[in-house]
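Chemist: Take this structure, written in structure tokens, and hold onto it; I'll ask about it next.
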Amino acid sequence: MIRFMKVPVLIAAGLFITTAAAAEPNPREILEKATQAASRLQTISYKASFKGSDDLARIAPTIKAELKARRGANKGKDLIAIKGTIAGAGSPTDEPFEFVCDGEQFFDLSPTKKAITVADLSTTPLSRYRASPIFPTRYFDDAPYKPELLGATLEYIGIEDSDGVPCHVIEAGYGGGRLGTGRLWIGQDDLLLRKLEREMVFAMRAGQTRKTGKLMLSIRNLKADPTIPEGTFKLEAPAGYRISEAKPAGRTSGGLLEVGTDAPTFELPRADGETISLESLRGKYVVLDFWATWCGPCKRAMPELQKLHEHFKDEPVAVFGVNCRERSRDPMAYIKSMGYTYPQLLKGDGVANDYKVNGIPCIYVIDPKGKICFAFAGFHPKMESMITQLIENGMKEHQQGDQTARGPDAAPADR
């Protein structure tokens, strides 16, 4: 670890003064420059390995693969081609796989099962795919180091080699709890990520003994802006392969309400006394975040809900917190102290039961027709981008449908 050192310097008058021998690099500035370096990338290729250690070794997939990717024209629609092996995540032993995303759909090919799974990005975010830990998130995302630059404590460790590449090593503390700490190896010359490790403490169920582990991603043979041949992001189904469609996001095994079903109606009071009903919100996308002040993951999710609220403030989208299972007499005191402005609904225990909320935070998105289009329990660092993509795609399809109904020469509707 580099320390700020003071060294005596002899001057002509025979006196001594002290000066800094070397200024310690600022880890925040390094990550900000790394963000700029990533933003300039249009294509990338690398070999990646990912695995978990200790308790996470039995939960996380083990992946070894080669990846080629091209930045997509729209957010969340990058073109990706992967070929390698994966174990865990439904594969007990190393299983060969191929994955291709053409920006609209992704195709997951399993030679062992002679099967191809197809999914539409408008309903199934890439983050749900089993090999997502090696995706080019840290290169193509708008804010690739958002978890570190927003809220994490950062410490510069020094220079270390990763696969022969000298790298800045930065340690990040993500606020304690299950998020733990992490280390990033950032190329000294090109400022591109070469290695990432995350130490985590977690429990699968309430009351269960806490488990520990580390998630490790290593990048080798990284090439910035390589020429990628045409046809790389297309996958032809071999003869005899079975093709099936993936379930849309939100169809979970955790007992939540199914995507595509009617959202239960409700009437709940706001903090100002106004009553809000689901029926009064018909025609809008409605985001419901079930939370409580004692819930740590709920607090980590709240900044993402605030961003959704601000992002869609001029759109037919309503974002609500639904306070439930509360132990505090004044949950709004926490909301006010944090400066959150998205509206809060109180006394939500009954509604939480109707929505089959077992753990919090629990996020639902309801479409303008009153159908559930997203359901997720827990905190996910990509939650805000997943929901934004889902809603924006839905609004775009609705606008295209209206335009088709009016005819190609019709003027756009006033907004």
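Chemist: How many residues does the stretch 88-106 hold that are at pLDDT below 90 and part of a strand (DSSP E or B)?
Modeler: Counting residues in the stretch 88-106 that are at pLDDT below 90 and part of a strand (DSSP E or B) gives 7.
Chemist: Given the conditions (1) buried (at least 20 other Cβ atoms within 10 Å of the Cβ); (2) under 17 Å from the mean Cα position of the chain (by Cα), and given that Cys373 satisfies all but one, which numbered condition is not satisfied?
Modeler: (2)
Chemist: Criterion first (surrounded by 16 or more Cβ atoms within 10 Å (Cβ to Cβ) and among the acidic types (Asp, Glu)) does Glu104 satisfy it?
Modeler: no
Chemist: Here's something else I'd like to know. Report yes if some residue within the stretch 44-51 is closer than 24 Å to Ile228 by Cα, free of Cβ contacts under 8 Å to residues at least 40 places away in the same chain and out of contact with any Ser or Thr (no Cβ under 9 Å at 6 or more places or on another chain); otherwise report no.
Modeler: no
Chemist: Mind checking which pairs have a first residue in the stretch 17-28 that is in a loop (DSSP other than H, G, I, E, B) and a second that is at pLDDT 50 or above and surrounded by 14 or more Cβ atoms within 10 Å (Cβ to Cβ), Cβ under 7 Å, 6 or more apart or different chains?
Modeler: Glu24/Tyr156; Pro25/Tyr156; Pro25/His168
Chemist: Could you list, in sequence order, the residues of the stretch 304-314 that are under 22 Å from Lys347 (Cα atoms) and either surrounded by fewer than 19 Cβ atoms within 10 Å (Cβ to Cβ) or not aliphatic (A, V, I, L, M) (or both)?
Modeler: Passing the criteria: Gln306, His309.
Chemist: Could I ask something else about it? If I filter the stretch 306-327 down to residues being touching a residue at least 60 places away in the same chain (Cβ under 8 Å) and hydrophobic (A, V, I, L, M, F, W, C), which single residue comes out as farthest from Ser385 (Cα to Cα)?
Modeler: Across the stretch 306-327, the extreme among qualifying residues is Val317.
Chemist: Being modelled with pLDDT of 95 or more and either polar (S, T, N, Q) or outside the structural domain of Ile170 (by TED's automatic domain parsing) (or both) is the filter here; which residues of the stretch 31-83 pass it?
Modeler: Across the stretch 31-83, the qualifying residues are Thr35, Gln36, Ser39, Gln42, Thr43, Ser45, Ser49.
Chemist: Looking at the stretch 219-239, I want the residues that are at pLDDT below 90 and have a partner that is part of a strand (DSSP E or B) and exposed (fewer than 15 other Cβ atoms within 10 Å of the Cβ) with Cβ atoms under 9 Å, at least 6 apart or on another chain. Which pairs are those?
Modeler: Close Cβ pairs (under 9 Å, with a partner that is part of a strand (DSSP E or B) and exposed (fewer than 15 other Cβ atoms within 10 Å of the Cβ)) amount to Ala237/Ile243.
Chemist: Let me ask something else. Can we say Tyr156 is crowded, with 18+ Cβ neighbours inside 10 Å, modelled with pLDDT of 95 or more, under 21 Å from Ala48 (Cα atoms) and among the aromatic types (Phe, Trp, Tyr)?
Modeler: Judged against the criteria, Tyr156 is not a match.
Chemist: I've got another one for you. Condition test on Thr293, is it surrounded by 16 or more Cβ atoms within 10 Å (Cβ to Cβ), part of a loop (DSSP other than H, G, I, E, B) and of a type in the set (S, T, N, Q)?
Modeler: Judged against the criteria, Thr293 is a match.
The values are calculated or read from the model by the stated rules, or taken from the named source; none is laboratory data. Nothing here was measured: the structure is a model prediction, and the numbers come from that model. Here the Cβ is made from the backbone with ideal geometry for all residues, glycine too, and neighbour counts use every protein chain on show.
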